[in-house]
Amino acid sequence: MAYIILGIESSCDDTSAAVVADRVLLSNVIASQQVHRDFGGVVPELASRAHEKNIVPVVSEALRRAGVKGEDLSAVAFTRGPGLLGSLLVGTSFAKAFALSLDKPLVMVNHLQGHILANFIQQEGKAPDDPYFPFLCLLVSGGNSQIVKVNSPLDFEIIGQTIDDAVGEAFDKCSKMMGLGYPGGPIIDRLAREGNPEAFSFAKPHIPGLDYSFSGVKTSLLYFVRDEMKKDPLFIEKNKEDICASFQKTLIDILMDKLIKASRQTGIREIAIGGGVSANSGLRERILREGERRHWKTHLPEFKFTTDNAAMIAIAGYYHFLAGERTPLTVAPVSRMADF
């Protein structure tokens, strides 16, 4: 008999619900919020209000598409954190009430674990390509940038991380700086495909060990654009493709230099990526190219599992449920989580 897990994700501005039977995905429904584009970033109050509006229909649709009823569930998994507290409160409160009404176990999930374990989602009709343990995961998103040694589905070790900004934040701030729009990552990625990545050079910080930094790259871009705009006010418009390509290459170089170093130090050649920035085409191409060169076995989650989604929460919840973990109704969401 399969264990059927309902996953609920509400950490930022996407309301999502998904159902897995053991590790096989039965449904994954996402309601995105477009209102934040007008403000150049996520507005927490607007996000939480939208979650309140979307949570019931999204969960209902996920169950309908999966062909299961509430009483068929083995457990309800939800994102406890990290994320926006108001958004997390909506998902957590609904998960508690739903599980209580059905007399089903509640299982909390760390959002970052979900991004990593998205590599283990199975889909009907597709052969699984699970990473072997231990493997290294380059976890890159708008709020986090880490190299994680994954020893088992529930054993994670952070061996490198940013000391300041996340790489996704660097993409967003670059886009805002150039007046390109929000979210910045997809916009820069699209423009970078049309540009020359060798056109301009930006500073790369030298951080010891496996940690990295992105604040200096942003500052380098800021000063560069400022100086060039003094010479030609239309500099950005005339060169935006080359600027984006060069900036994106710099960020990817920083990430890959540390990942290559981590692989050498640990001897691990099983490499995966996760998080919203793992959808970046330049990063995906680079990690595949380095994998061929260095004899890595690389694992790239499908694009639909890179951004925030409940499928990753359901699969993580499945592993926590198998381990016998249960979450009391007294648990509260948290905007930050110290570790995995």
Residue check, H36 surrounded by fewer than 22 Cβ atoms within 10 Å (Cβ to Cβ), assigned to a helix (DSSP H, G or I) and modelled with pLDDT under 95: yes
Some residue of the stretch 314-333 being basic (K, R) and part of a helix (DSSP H, G or I): no
All positions within the stretch 161-188 that are more than 13 Å from K218 (Cα to Cα), surrounded by fewer than 22 Cβ atoms within 10 Å (Cβ to Cβ) and modelled with pLDDT of 90 or more: Q161, I163, G179, L180, P186, I187
Failed item, numbered, when K238 is tested on (1) within 25 Å of M178 (Cα to Cα); (2) surrounded by 16 or more Cβ atoms within 10 Å (Cβ to Cβ): (2)
Flag if F200 is open to solvent by 40 Å² or more (accessible area, probe 1.4 Å) and either charged (D, E, K, R) or farther than 24 Å from L222 by Cβ (or both): no
Count - residues of the stretch 1-16 that are crowded, with 24+ Cβ neighbours inside 10 Å and in a strand (DSSP E or B): 7
Of residues in the stretch 203-220 being aliphatic (A, V, I, L, M) and at pLDDT below 95, the one surrounded by the most Cβ atoms within 10 Å (Cβ to Cβ): V217
Residues that are over 20 Å from the mean Cα position of the chain (by Cα) and among the hydrophobic types (A, V, I, L, M, F, W, C), drawn from the stretch 228-257: M229, L234, F235, I236, I243, C244, A245, F247
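Which residue, of A127, A97, A118, is closer than 30 Å to W296 by Cβ, open to solvent by 20 Å² or more (accessible area, probe 1.4 Å) and aliphatic (A, V, I, L, M)?
On the way: A97 fails: closer than 30 Å to W296 by Cβ; A118 fails: open to solvent by 20 Å² or more (accessible area, probe 1.4 Å).
The match here is A127.
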Conditions (1) closer than 24 Å to L112 by Cα; (2) of a type in the set (V, I, T); (3) assigned to a helix (DSSP H, G or I): number failed by I273: (3)
Which numbered condition V58 misses (of (1) part of a helix (DSSP H, G or I); (2) over 20 Å from E45 (Cα atoms)): (2)
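The values are calculated or read from the model by the stated rules, or taken from the named source; none is laboratory data. None of the values given here were measured: they were computed from a predicted structure. Neighbour counts run over all protein chains shown; Cβ positions are idealised from the backbone, glycine included. Quick note on the areas: whole protein, heavy atoms, side chains included, nothing else; ligands and nucleic acids left out. Shrake-Rupley method; radii C 1.70, N 1.55, O 1.52, S 1.80 Å.
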